[in-house]
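Asker: Following this message is one structure expressed as structure tokens.
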Amino acid sequence: GIILFNYGGFDSNIKLQNIANDVATTVKAAQISGSSGKFDARMAGAIPAYRPTYGVYFKKESNTSLPDSFTYFVDLPNGGVINDFILDLTPEEIKTISFLNGFSIDTICYNIKTDPNNTSCGTEATATFTRPDLFAHLPDGIGGTYGDIDITIKAPNGMMKTLVIYASGAMSIE
């Protein structure tokens, strides 16, 4: 008998699953750090009642020559978003990971699972976590919040995985 095996497709699927797991693990790290009140050295001098917020910021680049990325950050002024040095001069970035080798963010959509009649898509999303809650704060940029954000990651061969982050703090990879 002959066995045919599509190694390229299998390899791409494994890499895609690993990338999706890495993204989910980073979101989980933000959730654990935020909900446990992890101290960050950049908080030195903050008032004692300071509640550290940690988050993950997703960016789908409109310029296709730049890689899409996600950033794990500590939200120093607790504004609910990464500030990119706008509010102060202290960098909030803990680490930024870019999608390389043909992997990319295909879509970033909102409320797909929790409010199907009120969905939209965009080029960025943020999920933050603050002590003592395990809930995710998913800001919509205009003062409200989303029920879920769905980040679809695409492999070079077209295969896709979607990470869903719910406001309840739950996550799934589909």
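The values are calculated or read from the model by the stated rules, or taken from the named source; none is laboratory data. These figures come from a predicted structure and were not determined experimentally. Cβ: placed from backbone, ideal geometry, glycine included. Neighbour counts: every protein chain shown. Surface accessibility is based on the protein's heavy atoms, side chains included, excluding ligands, DNA and RNA. Shrake-Rupley method; radii C 1.70, N 1.55, O 1.52, S 1.80 Å.
Asker: Does the stretch 140-161 hold any residues that are open to solvent by less than 30 Å² (accessible area, probe 1.4 Å) and part of a strand (DSSP E or B), and which are they?
Answerer: 148, 149, 150, 151, 152, 153
Asker: So which residues in the stretch 97-110 are under 15 Å from the mean Cα position of the chain (by Cα) and not in a strand (DSSP E or B), if there are any at all?
Answerer: 99
Asker: Restricting attention to the stretch 162-174, which residues are out of contact with any Ser or Thr (no Cβ under 7 Å at 6 or more places or on another chain) and open to solvent by less than 30 Å² (accessible area, probe 1.4 Å)?
Answerer: Of everything in the stretch 162-174, those that are out of contact with any Ser or Thr (no Cβ under 7 Å at 6 or more places or on another chain) and open to solvent by less than 30 Å² (accessible area, probe 1.4 Å) turn out to be 163, 165, 169.
Asker: Just to verify a result, which residue in the stretch 121-139, among those that are open to solvent by 50 Å² or more (accessible area, probe 1.4 Å) and part of a strand (DSSP E or B), is nearest to residue 169 (Cα to Cα)?
Answerer: The extreme case among them is 137.
Asker: Next up: Name the residues in the stretch 65-100 that are polar (S, T, N, Q) and modelled with pLDDT under 80, would you?
Answerer: Once the filter is applied, which keeps residues that are polar (S, T, N, Q) and modelled with pLDDT under 80, the stretch 65-100 yields 78, 83, 90.
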